[in-house]
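Written below as structure tokens is the structure these notes are about.
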Amino acid sequence: MKSTRDMAAAAETGTPSAVTGCADAVDRRRFLAATGVSLAGLAGGGATALAAPPAPVNLAVMARTSWSNRASGTRLAAINSGTVPTGSEEDTEGAFGTEPASGPAWIEYRWDVPIRTGAVEVYWWLGGYKGALPTAWRVSAWDGQRFVPVRKVQGLGLARDAFNRTTFGPVTTTRLRLDIDPAGEAAIGVLQWRVWNHGPVPVFPPLVTAGQDRAVVLGGQTYLDGKVRTLETAPAAAALWHKVSGPGEVSFADPARVDTTARFSQPGRYVLQLVAKADGKTALSTLTVRAETPPPDERLDVVYTTPYSIDSPLWSARAKALITQWIPHCIDYCERTDLKIGQGGLDNFIEVAKALRGEPHGTHKGYVFSNAWVHQTVESMCIALMVDPQGDAEMMAAQDLMRRKLEEWIPVILAAQEPDGYLQTAYTLADRAKWPARWSPAQRANHEGYVAGYFIESAINHHTLTGGRDLRLYNAAKKLADCWVANIGPGKKDWFDGHQEMEQALVRFGRFVNDMEGGGRGDAYVRLARFLLDSRRGGSEYDQSHLPPARQYEAVGHAVRAVYFYSGMADVAAETRDTDYQSAVLSLWDNMVNKKYYVTGGVGSGDTAEGFGENYALRNDAYCESCSSCGLIFFQYKLNIAYHDAKYADLYEETMYNALLGSTALDGKTFCYTNPLLDTERTAWHVCPCCVGNIPRTLLMVPTWTYAKDKGGVNVNLFIGSRVNVGEVAGTKVEMVQKTNYPWDGAVALTVNPAQARIFAVRIRVPDRATSALYTAVPAVRGLDGLTVNGKPAQYRMDKGYAVVEREWTAGDRVDFVLPLAVQRVTGDDKVEATRGKVALRYGPLVYNVERADQPSIDQPLATTPLTAEWRPDLLGGVVVLKGQWRDGTPMLAIPNYARMNRLGGGDAQVGGTGSTVNYAPGAQGQVTASAAAGEPADLDTSRARHSQVWIATV
């Protein structure tokens, strides 16, 4: 007589004699129990009466997915969609993939009810970057406490272009996991992972996903795109949207459709629920919608960066390092022709000029986007030349160098511009067989808009530097923008760039042209920016082209592309007052700031390489690329001028002080490509030096970030000792002068110097350190202390985070106030696994870091004893340190995060002196060391242990 196991196996494979030998009722019942065949399927009880076995069912489609690590732009949800791939290179329906050199990975399925399975199938994906078949994989099942490897495994195949079937002893479980080992440093990819039933198919409740939490502007609508999934063998689900809570009415266009729209009658927080019923079971999912009033009719005006002076111990030192060291270093590397990595500088423009003249010429060097660091360096030089050296000999010498270089470089760059205005050296020098035409959908990765945008933005600051007396770059930028307008747009070419930047640049330039020339001369550039944004569709999350912009509510994909995209969207929303755009921008901001935002103000978790991970996935070995901090500052700034709300300036102050200010070393000789919250890589250059010019051009635009204005007043957003002309307010030119030692001291003296006495408002940002819902700080620090005007207590009103003082101002009127500063302990949301049981320290806008240079160990818990702040003029150029105790009673000392990794023993990063040696944190990729001898790459040192971290264990 066959065993029950044999009969069950025969039934699963469809063997006709599955029940032959069932000699008695006991054996028959055992067989039925093992195979799940009903008694009704046996007419007469013999083998010939057994109905054909039911087709196997892929249970994976009803699973929820999770993962260990994945690459930007890949979608884990794609692997259980149930589609049948046509080959391992194909990924039209999406795929799961990891980054190269990211190590082993795991993928997990989780079901709402127990399933029984004895077979899985995996279809490998080889279409990702440096993808290859893995070397091995394993299957484990959850036993209620842990994952246990399945037994009696047969299969585990590694064939391409096919499902690799693996069978094992049947298991009943609610969770199944694949562990996959890569081939060397190759990436891992999966197109489909199927899980076949063994025995009865469970009755699943529908798998319901309401969608991402979001915001909506009143008067507009939110696009609901819920998902309801059932097995193909199950009845279709009936779904219904309804309001759970909220202050007003919710109107659904069609509540019975999972993809519908909703409108809201009053501002406030609403909870919407999507309920689905199928096969006698009900499931539901909710999302939160924050309905907000529209922004003011008029955005604030930009305060352009024009010649200014800095009078701040901290900012003066940082500006000097950038001007005397870092920007000249960038100039040198852009002029070099012998670099082995990160190559492609001014030499590409020289070769293009030869080609345009019909002369013999060389090929393009470096990445297709290598023009970017040249244009950024030009802009950095222009801004640096607007900083008053105040007699500093080193700064004056560096500025003399920059003046000479601008005069050398500008003709070289303009000689590479094609007759109709087009400028992209990689295209002009390209093999036409490989790159046949401009703006080709097949060439979206070639950064045509990315490099053009940086050129346009450099022209703005060159114009402000020269006061409009030198129009060479300005006119060339108009010619380039006009070329794009002539070729792209409705009825012309429908196109978008894979890397955003042109959109922001076009709006920024369009506003500038209108301000300089009037008559709506720049409006066409704003319209083109909107068209480029609206053209994004049918693509990948990686470059945010997966959905139309107005229907994107979650920050996804490559973080630098994303923040430049969102900045451009914020610009267009402010210009057009399109409620769909406004709602999407607020939703993206909300998702990023409240679910994907680091305590340092950085973004880009590294869970998806250079991009955003899932909500609350904020591991401390973050990516936080310096370029993403630059773009994020632009994005938050655009929201500040659109909504007149101080909270956005609160956030870009955080990013500036903590994620970006320390991206160059204190001596200005090396920089950080990434800015993790533990250790840091500082390098002289990088295989992808996209940040090198972006850092100084962003940090040195002090007037723009510090002030905004309108006809009725001036907004004071940052507190930096400085003298800045903000332009015209209330019909007269106004100069603003700050005297302060902030952030070391909270006292600020603000002198208002209108050219003529006028009535207007001075709006002073009152910092709120609790803008992101991800972090809670104690004690709470808010408000202003002792605000006086000309020495007398002054009345003010609060408006959107600003203390507003409105009066007639005359030259020399002085406002004094104190920004309260206190040592704060910051804890993260419990949903953030990486920060559970840990605390970060903050003082004013500064997040702090503990280094082994100051204590033998940074891996033990922090004691609960009080923390104090102390000024240390002898340390790291002068800083306020935080002092306390570790649990073992030894002293704890923390330094500002921007000053991290600047000392031997505090990260083994040698800066200062000759700068001839720089070591790096584990995991650094594509870095090069600073070599005093030749500036050539050296081997990466990954031998040392952790020396620096933001988050500290608690008792």
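Annotation for the range 811-852: trypsin sites (Lys or Arg not before Pro) lying in DSSP loop with at most 13 further Cβ atoms inside 10 Å of their Cβ are 831, 836. Short-range pairs are left out: with C-alpha atoms under 8 Å and at least six residues apart, the relative contact order of the chain is 9 percent. Amide H contacts of residue 760: 807, 809, each under 5 Å away and 5 or more positions distant or on a separate chain (H built 1.01 Å from N in the peptide plane; Pro and chain starts excluded).
Here the range 616-774 yields Rg over Rh of 1.01, to two decimals, using C-alpha coordinates and the Kirkwood radius. The lysines within cross-link reach of residue 492, meaning a Cα-to-Cα straight distance under 24 Å and a gap of 8 or more places when in the same chain, are 434, 478, 479. Pairs exceeding 20 Å between alpha-carbon atoms, taken from 227/595; 320/405; 739/883; 340/405: 227/595; 739/883; 340/405. Short to long, the 10 Å bins of the Cα pair-distance histogram for the range 737-821 hold 16, 46, 27, 9, 1 percent of all pairs.
Our coupling estimate for the range 433-450, obtained by passing each phi through the Karplus curve with A = 6.51, B = -1.76, C = 1.60 and θ = phi - 60°, is 5, 9, 9, x, 8, 5, 6, 8, x, 6, 10, 5, 7, 8, 6, 4, x, 4 Hz, Gly and Pro reported as x. Amide H to amide H, with H built 1.01 Å from N, residue 880 comes under 5 Å of 872, counting only residues 5 or more places away or on other chains. When all alpha-carbon pairs of the range 387-463 are counted, what percent fall beyond 17 Å? So the pairs more than 17 Å apart make up 59 percent of the total in the range 387-463. Averaging Cα coordinates gives a centre for the range 229-264 and one for the range 707-760; these two points are 51 Å apart. With R₀ set to 30 Å, the beta-carbon distance separating residue 151 from residue 110 gives a calculated FRET efficiency near 0.90. One chain, two ends: residue 486 and residue 470. Fully extended at 0.36 nm per residue, the span grows by 3.2 nm beyond their Cα-Cα distance.
Roughly what % of Cα-Cα distances in the chain sit above 53 Å, to the whole percent? Of the Cα pairs, 21 percent sit more than 53 Å apart. Note that the range 342-477 carries a Kirkwood radius of 15.7 Å, evaluated over its alpha carbons pair by pair. When +1 charges are put on Lys and Arg Cβ atoms and -1 charges on Asp and Glu Cβ atoms, the dipole computed for the chain relative to its Cα centre reaches about 1860 debye. Once the chain from residue 756 to residue 335 is taken as fully extended at 0.36 nm per residue, the excess over their C-alpha distance is 146.8 nm.
Here is the tail figure for the range 224-332: Cα pairs spaced more than 16 Å apart come to 73 percent of all pairs.
Couplings 3J(HN,Hα) for the range 873-890, derived from phi with the Karplus relation 6.51 cos²θ - 1.76 cosθ + 1.60 (θ = phi - 60°), are x, 8, 10, 6, x, x, 9, 8, 9, 10, 10, x, 9, 7, 4, 7, x, 6 Hz, where x marks Gly and Pro. Using only Cα coordinates, the Kirkwood hydrodynamic radius of the range 108-154 works out to 13.4 Å.
Taken one residue at a time, the phi angles of the range 309-318 give Karplus couplings (6.51, -1.76, 1.60, θ = phi - 60°) of 10, 10, 9, 8, x, 6, 6, 4, 5, 5 Hz. Gly and Pro are set to x. Here the range 59-197 yields Rg over Rh of 0.93, to two decimals, using C-alpha coordinates and the Kirkwood radius. Working from label points 7 Å from Cα in the Cα-to-Cβ sense, the residue 804 to residue 240 distance is 4.6 nm.
Taking amide hydrogens as placed 1.01 Å from N in the peptide plane, the amide H of residue 947 sits under 5 Å from those of 679, each at least 5 positions away in sequence or on another chain. With a Förster radius of 51 Å applied to the beta-carbon distance between residue 183 and residue 773, the computed FRET efficiency rounds to 0.75. Positive end of the dipole of the chain, charges at C-beta (+1 Lys, Arg; -1 Asp, Glu), about the Cα centre: which of 196, 329, 815 has its Cα farthest in that direction? With unit charges placed on the Cβ atoms, the residue in question is 196.
Placing dummy labels 7 Å off each Cα toward the beta-carbon, the span from residue 780 to residue 361 is 6.2 nm.
Residues 792, 669, arranged from fewest to most other Cβ atoms within 10 angstrom of their Cβ, appear as 792, 669.
Set against the 2.2 N^0.38 Å expectation for a compact globular protein, the range 351-429 has a Cα radius of gyration ratio of 1.34. Rounded to the nearest 10 degrees, the angle from helix 502-517 to the longest Cα principal axis of the chain is 30 degrees.
A short reminder: the numbers here are calculations on the coordinates, not readings from a lab. Please read these numbers as outputs of a predicted model, since none were measured by experiment. Counting neighbours? That spans all protein chains shown, and the Cβs are built from the backbone with ideal geometry, glycine included.
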